[in-house]
Amino acid sequence: MGFSAFVVNLTGTDMHKERNCGLAQSYTVYVMRVMNGSQSWVAEKRYSDFACLDEVLRSKFWYMSVPKLPAKKLFFNFDDDFVERRRKELETYVHAILQVACFSQSDELWQFLTDQRHIVGVPTELQEENERLAAALPIEP
């Protein structure tokens, strides 16, 4: 078992819309409550953010068994039951990642949890640390 300084809970979901080439596109964000010591913040992540983290961890830690990411679904992925089931599965995935030392203490996980582009109300300390890590780890969204 590993040790993580983070406690993460996926507390809910929200639907967002963006315009892409003039067309409105809807997508689901998963609302995460992240705690690190006395600090806590809320981050919103899309499924693709989790998939990117999974890909990075599998690439860097190719010799380790990375927990299974819930499967991608192309159709009917806005169904309330499906969204809630995926939220629970993603929370289980994150909790499993946090239990393995090399994953939970990796710069990649830190970047994922502290990326200020997805945080609502970024603590100053996180902004500074995230800028330092972002310079060292150019991870694309």
Note, residue 11: beta-carbon cut-off 11 Å, +1 each Lys/Arg, -1 each Asp/Glu, net -1
PRE zone check, label point 7 Å out along Cα-to-Cβ of residue 27, amide N under 17 Å, scope region 75-106, hits 75-79, 83, 87
Counting sequence-distant residues (5 or more places) and residues on other chains, those with an amide H built under 5 Å from that of residue 100 are 2
For the pair residue 79 and residue 63, the simple spin-label estimate (label points 7 Å beyond Cα toward Cβ) gives in nm 4.3 nm
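Where a number appears in this text, it was derived from the coordinates with a stated rule and is not lab data. This is a predicted model, so every value here is computed, not measured. Cβ: placed from backbone, ideal geometry, glycine included. Neighbour counts: every protein chain shown.
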